[in-house]
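Visitor: Quick one: the structure is below, questions incoming.
Just so you know, all these numbers are worked out from the coordinates, no wet-lab data involved. Note that the structure is predicted; figures quoted are calculated from it, not measured. Because the Cβ atoms are built from the backbone with ideal geometry, glycine has one as well, and the counts that use them run over all protein chains shown.
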Protein chains: 2
Amino acid sequence: MLQYERFETIMQMLNTGSSVRVTDLSRALGVSESTIRRDINDLAAAGRLRKVFGGAVPLDNGEAPADGTPAFAGLPPKHMVNTRSLDLETKETIQADEKQEVAAKAATLIEEGDLVYIDAGTTTGSMIDQITCTGAVFVTNGIRHALRLADRGLKSYLLSGRVKASTEAVIGHEAVDSLGRWHFTKSFIGTDGIDRECGLTTADIDESMVKTEAIRRSKEVFVLADGSKFGLVASVTFAPLDAGTVITDHLPDPGYREQLKLVEIHK
Amino acid sequence: MLQYERFETIMQMLNTGSSVRVTDLSRALGVSESTIRRDINDLAAAGRLRKVFGGAVPLDNGEAPADGTPAFAGLPPKHMVNTRSLDLETKETIQADEKQEVAAKAATLIEEGDLVYIDAGTTTGSMIDQITCTGAVFVTNGIRHALRLADRGLKSYLLSGRVKASTEAVIGHEAVDSLGRWHFTKSFIGTDGIDRECGLTTADIDESMVKTEAIRRSKEVFVLADGSKFGLVASVTFAPLDAGTVITDHLPDPGYREQLKLVEIHK
DNA sequence: CAAACATGGTCAAAGTCAATCAAATTATTT
DNA sequence: AAATAATTTGATTGACTTTGACCATGTTTG
């Protein structure tokens, strides 16, 4: 195992847990305690962690090191993230600004007393931080979404069902069933593609079932789609074009204007 | 457990409660009273808390509101510990090693073909990383648990219901309802307290309902409890002592041996 | 006052540390 | 391709730190 890999692993363990011990690391990485000690010393010298007797702990946030001390080349970058969730993290940066705008607009539509369904997905996820209305109830199939909603002190419910790791969503027929008791006033749905012929499409059949049912059970439906989604078609159609009001930052083809209920954001 | 972690935990407890006792800390952290005394002395020397006879209080601007907090006025059993208010990260560091051992043992009990329920909680959470059996199906009410299970490529299902932010669990009667379809071969339940009189207890009534129902729907039940849980009583009893097999690292009082189905871990 | 409890000091045992050195690995030169 | 240099690693060492048990002393409570 390369030194760099150990550095990565140690930092990752510190990010997720709150401390690491020399003994545990030695066992976990299959190297001697001497080596772990050296690693911890290096990382501490580079200002990436705090050495304590028996192991190491993450830096207190105020303890951030001066950036001008890159004493050790070959350390993983500071903004290193959990590699496991990299897929989703990467996805979140794609068209981030546009998604943000669309999400911000959508968030303003939530009113006191609403029962809101928020679909799993990155665009709908951005909504959560921008919700100001505290008097609504939220239902979602996005696992991260549920955590963030609850964290913000909003009343939130999660659907049951199979967990899909890559999108961190709850999906499948069980999720559809557990939608059965709800009647939403508003639902906010993400989409992988909007196309004149194929309607609203997504990549996963199990996710599409949940979207379709949520739309069916909702009085008002909003589809969140940044401009890049127009003209794209994914494997499964979950609703026709006119199933809801589309919120977008940019309409590449004016021809859609006649077929869509539309909220366009003008900067 | 690292000294540093104890420091953090003690300060955390002081921030959320108004005082801590040497006896309780010793019990909660699983170290001797000598050690706690030393810790308190160190923290006091560092000017981070105020030492008082029997424990410590925060050194906030307004003088500490002495003993006799109303929460403990109503004659709860002597050893009652209030871990409810601790955030999840702190909770995770308490007795971390012991939990790990208990969790490791529990993980070995899962076999091919099992339908396993994993209760939300930190001890049960440690199980997940140690599960080797890939041929089982997992159901949980722990939101992080579900993500980690799925991340590890294990087939996992999440219950529906209200999301409780502080424990990152799905709870309430809806969660109980969504247990309705399942019949588990094995379930792994965490507990806040094990007491001869009060049985298995937990701090939250809505969490207790879920635990009770999961136990009812399970052929085999395993209760995960590190040694520090014995003799503790939390607000709500969710099952009698003999509801399942208790897995523990250490039995402080041999008297329990006659009342429990027991798996004891010997190092 | 007496019983119960809390405290700090001492000690032995266990755990952790940095320094050192030889073996193994990797990089560079010949 | 072989030889050499540089680096990394694991084992060992003695010094140091932390820990839990014990106990004489001090404090609280009824």
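Visitor: Separation of segment A:1-46 and segment B:230-255 by C-alpha centroid, Å?
Guide: 36
Visitor: Among A:ILE189, A:TYR4, A:MET127, pick out the residue whose Cα is farthest towards the positive end of the charge dipole of chain A, where Lys and Arg carry +1 and Asp and Glu carry -1 on C-beta, about the Cα centre.
Guide: The residue sitting most towards the positive pole is A:TYR4.
Visitor: If you don't mind, another one. Quickly estimate the mean residue ellipticity at 222 nm for chain A, helices only: each DSSP H run with n ≥ 4 gives -39500 (n - 2.57), and the total goes over all residues, rounded to 500.
Guide: Helix-only estimate at 222 nm: -10000 deg cm²/dmol.
Visitor: On to the next question. Only sites in a loop by DSSP and with at most 16 other Cβ atoms within 10 Å count here; which GluC sites (Glu not before Pro) in segment A:101-180 make the cut?
Guide: A:GLU111, A:GLU112
Visitor: What is the sum of charges, Lys and Arg at +1 and Asp and Glu at -1, for the other residues whose Cβ falls under 13 Å from the Cβ of B:GLY255?
Guide: Surrounding charge for B:GLY255 is -2.
Visitor: Please tell me the relative contact order of chain A in percent, rounded to the nearest whole number, where contacts are Cα pairs under 8 Å and at least six residues apart.
Guide: 13
Visitor: Stick to the Cα atoms of segment B:96-264, pair each with every other, and give me the Kirkwood hydrodynamic radius in Å at one decimal.
Guide: Averaging 1/r across every pair of different Cα atoms and inverting gives 15.6 Å.
Visitor: Another question, then. How much length is gained if the chain between A:VAL233 and A:THR245 is pulled fully straight, taking 0.36 nm per residue apart and subtracting their Cα-Cα distance, in nm to one decimal?
Guide: 2.5 nm
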